[in-house]
1. Can you list the HN-Hα couplings for region 122-128, worked out from phi with the Karplus curve (6.51, -1.76, 1.60; θ = phi - 60°), rounded to whole Hz and with x for Gly and Pro?
2. In debye, nearest 20: dipole of region 47-175 around its Cα centre with unit charges on the Cβ of K, R (+) and D, E (-)?
3. Counting only the heavy atoms of the protein chains, how much of residue 261 is accessible to a 1.4 Å probe, in Å² to the nearest 10?
4. When a/c is below 1.5 the answer is rounded, else prolate if a/b is larger than b/c, else oblate, so apply that to region 20-108 with a ≥ b ≥ c taken from the square roots of the Cα gyration tensor eigenvalues.
5. Share of the chain's accessible area from carbon and sulfur, percent, 1.4 Å?
6. With a cut-off of 8 Å between alpha carbons and a minimum separation of six or more residues, what is the relative contact order of region 190-253 in percent?
7. Provide, for q = 0.07, 0.08, 0.10, 0.14 Å⁻¹, the log10 of I(q)/I(0) from a solvent-free Debye sum over equal Cα point scatterers in the chain.
8. Suppose a student asked you for the relative contact order of the chain, using Cα pairs under 8 Å spaced at least 6 residues apart; what percent would you report?
Amino acid sequence: MLIFAHRGLKLEQPENTMEAFRAAHAAGFGIELDVRLTADGDLVCIHDLDPARVAGPSSVTDVHAATEAELQALNVAQVFWQFRPVARIPRFMDVAAQVIAKFVPMEQSAAIHVKAAEQGDTQLGMIVDAFQQYDLYGRAFVFDLTLESAAKVRAMDPWIQIFISVSEYHHENAPSIYLWNELAGHENIYDGVWWDEWNIAGAEYRAERAAEIRAKGKLNYAISPELHWDHGHPNASVGYYQQWEQFIAWGVNGVCTAFPKAFRDLENRTKAA
């Protein structure tokens with residue numbers, strides 16, 4: 001099973017940084033990363049539009065309104081890693097060239113999160129360029145595209161793997177998250193499901209749904225519940241371990257988690273049992 005370190009190995013290095021991505025690779029995990037477009041037309045890796053959560057208060061409050069140079073001046077170790085060396089927001093193209101293409105082997109993978117706000121033609125074109133320029137095929141895929149954006153990427157480059165987000169209900173301001181039955185008839189534009197459950201335990205994560213996704217011939221990568229503690233998922237604090245056991249029993253193809261080492265230990269024990 002593929003194990004994706006959420007925003008890199010963020011429990012050991014500042015999230016969405018070269019350091020976190022390299023640490024994840026060195027530990028044998030895939031990486032999950034976020035891309036955002038700057039005011040001067042560059043793609044950078046950061047989760048929030050406002051960098052304050054990781055960089056502290058600054059004059060930069062919106063990635064879209066800041067230049068790449070202004071973002072580079074921030075220290076994204078400022079809030080959670082005050083006693084570590086300065087960490088910078090990396091350019092996506094540098095991550096593609098220096099981490100994904102150089103270090104990520106075929107048995108790992110890089111999950112590129114393209115949020116709905118980042119699915120303009122500029123962003124999608126740059127991501128396609130990265131796949132073609134650095135030969136990321138088999139080493140990376142994109143996820144959380146709307147069906148419309150998925151069709152655009154498929155038309156630009158049919159070899160890029162695309163995963164569609166599926167959850168238990170529609171989310172406000174999240175047009176890229178679908179109910180499973182809404183994907184019927186669109187099987188030709190996606191390769192797998194980025195399987196999510198936000199705050200209703202068992203509403204989406206069920207053996208029957210895992211079987212339905214598999215029956216469609218689609219890969220299934222699941223989001224571990226602890227990643228939705230801020231949304232109130234009841235298994236976010238302690239129940240995620242039992243959820244992992246279910247993912248393994250259901251034959252899920254991959255898991256994205258903040259605790260990749262603990263998940264790997266469980267998987268290894270399960271195999272040995």
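The values are calculated or read from the model by the stated rules, or taken from the named source; none is laboratory data. All values reported here derive from a predicted model rather than from experimental measurement. When we count neighbours, we look across all protein chains shown, and the Cβ atoms used for this are built from the backbone with ideal geometry, even at glycine. Just so you know, the surface numbers come from the protein's heavy atoms only, side chains and all, with ligands and any DNA or RNA stripped out. Shrake-Rupley method; radii C 1.70, N 1.55, O 1.52, S 1.80 Å.
1. The phi angles translate into 4, 5, 5, x, 5, 5, 4 Hz.
2. Details: 9 positive and 16 negative charges, 85 e Å.
Value, rounded to 20: 400 debye.
3. Looks like 90 Å² after rounding.
4. Working: a/c = 2.46, a/b = 1.47, b/c = 1.67.
Note, shape of region 20-108 comes out oblate.
5. Working: 6090 of 11590 Å².
For the chain, the apolar C and S fraction of the accessible surface comes to 53 percent.
6. Values: 80 pairs, mean separation 23.5, N = 64.
Averaging sequence separation for qualifying contacts and normalising by length gives 37 percent for region 190-253.
7. With no solvent term, the Cα-only Debye profile gives -0.23, -0.30, -0.49, -1.00.
8. Working: 524 pairs, mean separation 43.9, N = 273.
Relative contact order, the chain: 16 percent.
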